Ligand SMILES: *Cc1c(COP(=O)(O)O)cnc(C)c1O
């Protein structure tokens with residue numbers, strides 16, 4: 001099946017007389033004929049749902065679809081993108097361990113890695129993803145367990161050189177984890193470039209309609225966990241009568257452990273209704289990403305041509321710093337998010353924002369409806385102009401998430417914003 005077809009048909013395949021739409025199994029638990037069968041579920045020797053903190057039939061269909069779209073062997077849905085990033089690390093790191101991450105990753109992930117995980121004894125070193133392999137290598141230590149990056153960074157819009165990152169990770173015997181939220185598997189499939197684990201905030205394009213917060217972890221099944229660095233995956237887990245993940249689950253060792261051990265203990269599993277809503281978004285993901293990308297390309301070109309705009313960050317523009325990487329990793333389009341700065345600074349950015357009629361002023365991106373955010377007035381409000389520049393955000397910077405409206409209506413809206421300056 002082509003990926004457009006997979007969006008509609010993977011995961012849920014109704015049989016004769018069954019509902020066309022994915023059913024919402026709103027049940028906490030599942031009945032079995034024998035005590036012995038339930039005992040086998042607890043020993044992980046039989047298949048089946050036990051309790052909706054660990055798995056649920058509606059969520060399972062969506063997990064299967066996401067795994068298929070990314071070309072992985074299995075996926076685990078979570079209650080948020082933050083929960084997915086957290087699980088991806090905790091599944092292989094414990095107190096005393098270390099990992100490396102690109103410094104341009106989403107701000108919420110930076111906070112999780114730099115501040116909160118630090119309190120649990122897991123240390124993260126941030127690197128400039130544009131550095132050479134030799135420079136990246138300097139961040140690695142004997143206790144390093146993973147390398148983490150973002151395909152298309154939010155909001156820097158830096159494109160990750162996935163092959164380079166994969167080479168450095170594998171040279172050090174650790175997996176490459178890639179946050180593929182902004183690209184989605186429609187525009188880039190990181191496993192094809194050497195990534196081992198993919199995480200998503202499904203809140204963004206996968207849902208696409210701003211109706212559910214969710215995340216996913218996807219396993220490529222390709223990483224060798226028996227190389228001596230990951231004893232928890234290849235030595236017995238006493239909480240399951242001594243089962244060894246790599247022996248019992250083979251290429252699904254990582255994703256099975258994440259579910260039966262971490263999801264069991266942390267309980268950040270999404271409700272069936274959220275998975276149902278996410279599935280509706282996934283059905284149209286391929287057509288939406290095409291339109292988001294082509295609209296954003298035109299909007300970026302329009303803004304770049306305005307004398308009132310200082311600069312535009314969009315890897316689809318020929319002059320962009322990441323254009324060459326975008327041509328390699330994002331040949332089908334560069335997704336829907338643009339950041340740009342108006343020349344007049346903070347005041348003109350506010351005038352621009354307040355003159356828009358169509359675009360919603362919201363703390364969200366990747367919605368079907370066009371939306372804008374002025375970081376200096378919202379997410380980075382507490383910073384002075386000087387501090388903003390140090391954080392890579394100019395006072396006039398605007399993050400524009402281009403929606404699915406007709407491009408002429410979007411451009412007219414942007415023009416009315418520029419006219420107000
Ligand atoms: C939003 C976002 C997250 C966090 O996801 P939530 O669903 O908001 O928890 C992680 N990574 C990226 C790239 C994001 O844009």
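The values are calculated or read from the model by the stated rules, or taken from the named source; none is laboratory data. These numbers come from a predicted model, not from an experiment. Cβ coordinates were reconstructed from backbone atoms using ideal geometry, including for glycine residues, and neighbour counts include every protein chain displayed.
Summary table below
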{"quantity": "Cβ pairs under 6 Å, 6+ apart, first in the range 81-101 and under 12 Å from residue 266 (Cα atoms) and assigned by TED's automatic domain parsing to the domain that holds residue 231, second within 15 Å of the ligand (Cβ to nearest atom) and in a loop (DSSP other than H, G, I, E, B)", "calculated": "83/268"}
{"quantity": "Hits in the range 199-222 (condition: near the ligand (Cβ under 8 Å from one of its atoms) and part of a loop (DSSP other than H, G, I, E, B))", "calculated": "202, 203, 204, 213, 214"}
{"quantity": "Any hit, the range 102-116, residues being under 25 Å from residue 226 (Cβ atoms) and assigned to a strand (DSSP E or B)", "calculated": "no"}
{"quantity": "Condition broken by residue 190, with the remaining ones in (1) farther than 25 Å from residue 256 by Cβ; (2) within 14 Å of the ligand (Cβ to nearest atom) satisfied", "calculated": "(1)"}
{"quantity": "Inter-residue pairs, beta-carbon under 7 Å, first in the same structural domain as residue 333 (by TED's automatic domain parsing) and in the range 196-223, second more than 10 Å from the ligand (Cβ to nearest atom) and outside any loop (DSSP other than H, G, I, E, B), 6+ apart", "calculated": "none"}
{"quantity": "Qualifying residue in the range 162-179 (condition: more than 13 Å from the ligand (Cβ to nearest atom), in the same structural domain as residue 80 (by TED's automatic domain parsing), part of a loop (DSSP other than H, G, I, E, B) and closer than 22 Å to residue 318 by Cα)", "calculated": "no"}
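Residues checked against (1) crowded, with 21+ Cβ neighbours inside 10 Å; (2) in contact (Cβ under 8 Å) with a residue 24 or more places away in the chain; (3) assigned to a helix (DSSP H, G or I):
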| residue | (1), (2), (3) |
| --- | --- |
| 247 | no, no, yes |
| 251 | no, yes, yes |
| 254 | yes, yes, yes |
| 265 | no, no, yes |
| 268 | no, yes, no |
| 277 | no, yes, yes |
| 292 | yes, yes, yes |
| 301 | no, no, yes |
